[in-house]
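Colleague: Here it is, the structure in full.
The values are calculated or read from the model by the stated rules, or taken from the named source; none is laboratory data. Owing to the predicted nature of the structure, the values given are computational and were not obtained by experimental measurement. Cβ coordinates were reconstructed from backbone atoms using ideal geometry, including for glycine residues, and neighbour counts include every protein chain displayed. Only protein heavy atoms, including side chains, enter the accessible area calculation; ligands, DNA and RNA are left aside. Shrake-Rupley method; radii C 1.70, N 1.55, O 1.52, S 1.80 Å.
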Amino acid sequence: MAVKLIAMDLDGTLMAPDHITVTEKTKAALEKAHDMGIKTVIATGRTLSVIHDVLEQVPFIDYVIYSNGAVVYDRCKGINIYTNFMPADTVEKVVDILESYPVYYELYANGSSNTQKSKAVFFKNKDLPAEFLDFYMQSLVNHDNLSEFAKNNDIEKINLFYFDGEFYDEIKDKLFAIENIDRTSPVSGDIEMTFKGVNKGAALDNMCKELCFTPDEVMSFGDADNDIEMLQFAGYGIAMGNASEDCKAAAKYETLSNGEDGIAAAIEKYIFHASKPKLLVSACLLGENCKYNGSNNYTKEIADLKDRFELIPICPECFGGLPIPRVPNEITDGRAISKNGEDFTAEYHDGAEKTLYIANESNCCYALLKERSPSCGFGKIYDGTFSGTLVDGNGITADLLDQNGIRIFGESQVKKLLDEFGF
Ligand code: SF4
């Protein structure tokens, strides 16, 4: 099944090993996939404010799943389309435990990472590159009293950073005794806590339901344990070559490491080499009984095009709400008039708009249409006298598609279409 959405983790996956750069090769593959109409999604444990530098490198990204799946942000609309915050009493229990130990922690809320400056002395950097750490620290929002902040804000995630000291087991036991939180450790010594059931896979599932995409139409990439649910959800769950063993076991496929442009390699293999060009086709030519008299114009040569193209059947007159069977129409002075003299121009335009919408949503630039039809005809149509006389002109849908840059072929031009694609 054709991929309609690509979701990817950041650190260890989209980002090069420096945690800062998206390589030109990976960026080009993702941009080409996006131009084909595939939605692109970043799914990260980071919060929104810490990925602006990434989005500057890949500005075409459509959605961001952040804070390990607590929030889904629609970049086109500029709004959160899904949230699943931690309950206030759970936040209070976690914060009470953390406040009673000498540890460094952050509260993810309002798309930012919030901390208390006086706790910075407890921060231990285990392996983050200095340049990334500088950038990260600058993105933090400091508060005088973090526990007060916790009481007054919706908390997406609580992150206890790199602690491995003498209190490790004690704190871990207390945190793990709290029932309704989920915990992951994408990096050794790091404990990230969200509300139970929050993870990147659940957020992706929710988002795909909104977009009417099935899991089979989703490709996801990850390397760490907080990517496992997202890899299990997607039809194309792909572990990076540098992924943890658990991650590789959860994924259906494996690609190269992030240092070897693993995302680009998998997109090349599973999308670019596998995908067929898209083609709108008048549904009656494919055998659908949608003609005015309830029959069809089935043509085997056209049905067989499915081996070379992803065919998208359209019947503008049905989209416009006209019944089957119906009294035939022809175009007179730009209006669709039936043989009985009724005016169906509005229905014809409605059907044309819906067809254009489908073409745009599918990122489809080619159409093979029924010749001479008052909707689908292109170049020649009947003259409105119902006498079989042809005149120069276009059907209403063909005209709208043509005005919007869609290349149109008639059913007698299959060879020309194949030649144009080099088949
Ligand atoms: Fe065929 Fe187009 Fe007429 Fe529908 S509107 S029956 S697809 S010619």
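Colleague: For segment 46-67, state whether one or more residues are in contact with a Lys or Arg (Cβ under 6 Å, 6 or more places away or on another chain) and open to solvent by 10 Å² or more (accessible area, probe 1.4 Å).
Modeller: Taking every residue of segment 46-67 in turn, at least one turns out to be in contact with a Lys or Arg (Cβ under 6 Å, 6 or more places away or on another chain) and open to solvent by 10 Å² or more (accessible area, probe 1.4 Å).
Colleague: Going by the conditions given, is Glu330 within 15 Å of the ligand (Cβ to nearest atom) and of a type in the set (Asp, Glu)?
Modeller: Taking the combined requirement at face value, the residue satisfies it.
Colleague: Would segment 90-109 turn up any residue that is within 20 Å of His19 (Cβ to Cβ), open to solvent by less than 60 Å² (accessible area, probe 1.4 Å) and modelled with pLDDT under 85?
Modeller: no
Colleague: Ok, one more. Tell me which strands (runs of 3 or more DSSP E) are completely within segment 301-346 and hold 1 or more residues being surrounded by fewer than 20 Cβ atoms within 10 Å (Cβ to Cβ) and over 40 Å from the mean Cα position of the chain (by Cα), or say none if there are none.
Modeller: Answer list for segment 301-346: 329-332, 335-338.
Colleague: Further question: Suppose we filter segment 214-252 for residues that are open to solvent by 40 Å² or more (accessible area, probe 1.4 Å) and in a loop (DSSP other than H, G, I, E, B); how many remain?
Modeller: Count: 3.
Colleague: Give me the residue from segment 270-300 that is more than 28 Å from the chain's Cα centre (by Cα) and among the aromatic types (Phe, Trp, Tyr) and, out of that set, nearest to the ligand (Cβ to nearest atom).
Modeller: For segment 270-300, the residue satisfying everything is Tyr292.
Colleague: List every residue pair whose Cβ atoms lie under 8 Å apart, where the two residues are 6 or more positions apart in sequence or sit on different chains, the first residue falls within segment 302-328 and is more than 16 Å from Lys354 (Cβ to Cβ), and the second residue, located anywhere, is open to solvent by 70 Å² or more (accessible area, probe 1.4 Å) and away from the ligand (no atom under 12 Å from the Cβ).
Modeller: Arg308/Lys276; Arg308/Phe423; Phe309/Lys276; Glu310/Lys276; Val327/Lys339; Val327/Asn340; Val327/Glu342; Pro328/Lys339
Colleague: A follow-up question, please. Could you tell me whether Phe60 is aromatic (Phe, Trp, Tyr), over 19 Å from the mean Cα position of the chain (by Cα) and modelled with pLDDT of 95 or more?
Modeller: Spelling it out, it is not the case that Phe60 is aromatic (Phe, Trp, Tyr), over 19 Å from the mean Cα position of the chain (by Cα) and modelled with pLDDT of 95 or more.
Colleague: Does Tyr348 meet the test of being of a type in the set (Phe, Trp, Tyr), at pLDDT 95 or above and within 12 Å of the ligand (Cβ to nearest atom)?
Modeller: yes
Colleague: Might you let me know whether segment 323-334 holds any residue that is within 22 Å of Lys278 (Cα to Cα) and polar (S, T, N, Q)?
Modeller: Checked against the condition, which is being within 22 Å of Lys278 (Cα to Cα) and polar (S, T, N, Q), segment 323-334 yields no hits at all.
Colleague: Identify, please: which residue in segment 351-382 is out of contact with any strand residue (DSSP E or B) (no Cβ under 8 Å at 6 or more places or on another chain) and either over 24 Å from Pro323 (Cβ atoms) or of a type in the set (D, E, K, R) (or both) and is, among those, nearest to the ligand (Cβ to nearest atom)?
Modeller: If we take residues in segment 351-382 being out of contact with any strand residue (DSSP E or B) (no Cβ under 8 Å at 6 or more places or on another chain) and either over 24 Å from Pro323 (Cβ atoms) or of a type in the set (D, E, K, R) (or both), then Lys354 is nearest to the ligand (Cβ to nearest atom).
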